[in-house]
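Presented below is the structure to which this report refers.
The values are calculated or read from the model by the stated rules, or taken from the named source; none is laboratory data. In this text, all values refer to a predicted model and were calculated from it rather than measured experimentally. Don't worry about glycine lacking a Cβ; one is built from the backbone with ideal geometry, like all the others, and counts go over all protein chains shown.
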Amino acid sequence: MKQQYSSKQLVKGATILTVAALITKILSALYRVPFQNLVGDIGFYIYQQVYPFFGIVIALSTYGFPVIISKLVAEKVEENNYLGAKRVIQSSFQFLSAVGIGWFLLLFFGASFIASIMGDPNLQPLIQVISLSFLLVAPLSVLRGYYQGKNDMLPTAVSQVTEQIVRVVTILVTTTFFVMNGASLYLTGSGALLGSVIGGLAGVFLLICFIQLRRESLFFGLFTIKINNEVKTIWGQLIKNGTAICISGMLLVLLQFVDAFNVYSLLMESGMGEEEAKKWKGIYDRGQPFVQLGTVVATSISLAIVPLVTSTYKKRDTPLVREYSQLALKVSIIVGFAASLGLINIIVPTNIMLFQNAAGSDALAVFSGSIFFSCLILTFSGILQGIGNIYYPAFAVLFGIGFKYVLNIVFIPQLGIMGASIATILSLLIITILMIVKVRRLFSIHLIEIHFYKTLVLSGIGMTVLLKAYLLIHDKMMHSSWNGREVSAFFSISGVLLGGIVFITIFLRGSVLSKNELSLLPLGSKWVKIAERIK
């Protein structure tokens with residue numbers, strides 16, 4: 001490489017946001033396990049049917065609109081035009097308030113129609129509860145965008161983590177209360193979704209506290225701004241750019257959204273009874289925490305590299321942009337492949353450990369392949385957005401989501417939830433191919449290096465052979481008088497450690513990544529030392 005970089009060179013603000021994002025992602029994945037254990041597969045189905053609506057709120061108020069608002073505020077601040085920065089806040093709040101109220105009204109009064117499309121009229125009150133969260137889009141987006149535009153990432157990070165902690169605690173406490181008191185699963189689901197709204201309110205409260213502590217006057221004139229060309233330009237940026245970034249960040253949520261609308265109804269059409277279809281949809285939804293946790297590591301690593309792509313692109317150093325992009329993709333391929341294959345190998349004990357039984361393990365094993373493609377897509381999106389190409393990732397995601405809807409119709413009647421898993425993998429594959437075509441046209445990146453893929457395959461084979469042999473012991477113990485869940489927990493956790501060690505050892509011995517490339521990763525110096533010792 002032409003130049004040495006390390007993760008320490010990333011700006012402090014980006015690091016704070018990255019840590020906050022990872023904490024919230026981990027919490028978002030983990031709470032689903034005790035929640036499912038409390039309410040069972042049917043209760044999990046009920047919650048997951050409505051959750052995608054809240055996922056959209058998270059994307060809008062965290063990854064989409066705040067990014068655009070921060071950019072507009074930063075431009076004004078650089079010009080020392082603080083009055084202009086305030087006008088950005090005022091006009092953005094005005095516009096997003098209208099958007100939030102519009103979505104709230106649409107969902108609240110259209111809940112009965114939406115629930116009927118999903119095939120379950122009992123979901124109406126849950127949809128009405130979650131519609132309240134859209135009223136929080138404006139304050140969350142505007143306040144986060146304001147502080148990010150001033151390069152002050154602490155308020156955003158604190159509000160994100162606080163929102164998620166309050167949300168998770170409220171969900172688990174209310175769910176436990178309702179279950180212990182014999183409430184219906186639909187009422188329990190409503191209580192859990194109300195926890196999401198309360199979490200959002202906590203995030204808004206924290207941001208307001210920051211404003212009060214710093215004595216900033218952002219609340220005056222929020223609804224008195226006059227509509228002129230400047231305001232229309234800001235609204236146009238929010239509509240076009242904000243929406244595009246949101247769509248790219250909503251990949252997994254949009255996949256869940258499609259499944260919420262037609263998996264249950266298609267299972268019913270295939271001949272299942274209502275309760276059976278709800279149960280199997282809930283079993284299929286077990287895959288969501290797997291994917292979320294599986295993509296956390298890849299996301300954290302790519303987030304450390306993608307900013308380098310952005311900074312070198314701004315310097316118009318195309319060769320270095322190409323090298324950093326290729327490294328980010330290599331790391332995503334490695335981590336995504338290892339996480340997907342590793343989970344496929346230990347899916348049975350992991351399913352039992354987390355969800356009490358092995359139901360649907362075959363379909364979940366196939367679904368686990370989506371970790372690999374999701375890691376690649378997230379990295380491709382980050383690279384393209386980093387160089388200012390924000391529309392293409394959104395186009396690719398929307399195309400893949402449409403493909404997913406059609407494939408569900410084709411496969412689910414014949415294969416059940418296995419068909420839904422296959423549809424997810426194929427749609428992600430389509431999105432990945434579209435991303436590869438675009439990036440190769442821009443940078444002429446060559447992703448096929450025989451030595452790289454040879455080493456990757458050998459590492460995967462080594463890990464698979466070890467885990468298959470190791471889990472023979474698990475199978476024998478499960479047929480004896482041992483406590484099944486405790487045994488599965490031991491083999492799942494130890495399997496992750498053993499499989500990871502074998503994979504990393506074989507891969508690093510292949511010398512696929514140079515010292516310079518290893519040094520760019522988080523804890524880069526330690527990876528370099530490990531590689532030197534293994535060789």
- request: Determine which single condition ASN181 fails, assuming it passes every other condition in (1) in contact with a helix residue (DSSP H, G or I) (Cβ under 6 Å, 6 or more places away or on another chain); (2) without any contact (Cβ under 8 Å) to a residue 60 or more places away in the chain.
  value: (1)
- request: Please verify whether the stretch 148-155 includes one or more residues that are over 26 Å from LEU30 (Cβ atoms), in the same structural domain as SER92 (by TED's automatic domain parsing) and assigned to a helix (DSSP H, G or I).
  value: yes
query: Do we have any residue at all in the stretch 396-409 that's surrounded by fewer than 22 Cβ atoms within 10 Å (Cβ to Cβ), small (Gly, Ala, Ser) and assigned to a helix (DSSP H, G or I)?
result: yes
field: In the stretch 479-505, the residues that are more than 20 Å from GLY294 (Cβ to Cβ) and buried (at least 18 other Cβ atoms within 10 Å of the Cβ)
entry: GLY484, VAL487
field: Cβ pairs under 7 Å, 6+ apart, first in the stretch 492-518 and modelled with pLDDT of 75 or more and in a helix (DSSP H, G or I), second buried (at least 16 other Cβ atoms within 10 Å of the Cβ) and among the hydroxyl-bearing types (Ser, Thr, Tyr)
entry: SER492/THR350; GLY495/TYR470; LEU498/TYR470; PHE503/SER459; ILE506/SER459; PHE507/THR455; PHE507/SER459
field: Residue list for the stretch 166-198, filter: closer than 18 Å to ILE127 by Cβ and either of a type in the set (Gly, Ala, Ser) or at pLDDT below 90 (or both)
entry: SER184, GLY189, SER190, GLY191, ALA192, GLY195, SER196
- line: Within the stretch 339-395, the residues that are surrounded by fewer than 21 Cβ atoms within 10 Å (Cβ to Cβ) and among the hydroxyl-bearing types (Ser, Thr, Tyr) are SER361, TYR391, TYR392
statement: Listed by first then second residue, the pairs whose first member lies in the stretch 324-353 and is without any contact (Cβ under 8 Å) to a residue 60 or more places away in the chain and within 17 Å of LYS468 (Cβ to Cβ), whose partner is part of a helix (DSSP H, G or I) and of a type in the set (Phe, Trp, Tyr), with beta carbons under 7 Å and at least 6 positions apart or on separate chains, are SER340/PHE372; LEU343/PHE290
statement: Checked PHE411, PHE403 against criteria (in contact (Cβ under 8 Å) with a residue 24 or more places away in the chain and either in contact with a strand residue (DSSP E or B) (Cβ under 6 Å, 6 or more places away or on another chain) or in the same structural domain as PHE372 (by TED's automatic domain parsing) (or both)); the one match is PHE403
message: Going through TYR45, TYR63 one at a time, which residue ends up being under 30 Å from TRP280 (Cα atoms) and in a helix (DSSP H, G or I)?
response: TYR45
- request: Pick out the one residue from TYR453, TYR470 that is touching a Phe, Trp or Tyr at 6+ places or on another chain (Cβ under 8 Å) and aromatic (Phe, Trp, Tyr).
  value: TYR470
query: Among (1) touching a helix residue (DSSP H, G or I) at 6+ places or on another chain (Cβ under 9 Å); (2) part of a helix (DSSP H, G or I); (3) surrounded by fewer than 24 Cβ atoms within 10 Å (Cβ to Cβ); (4) free of Cβ contacts under 8 Å to residues at least 60 places away in the same chain, which single condition is ALA469 missing?
result: (1)
message: Please go through the stretch 230-274 and give me each residue that is touching a Leu at 6+ places or on another chain (Cβ under 7 Å) and not aliphatic (A, V, I, L, M), ordered by number.
response: GLN237, CYS246
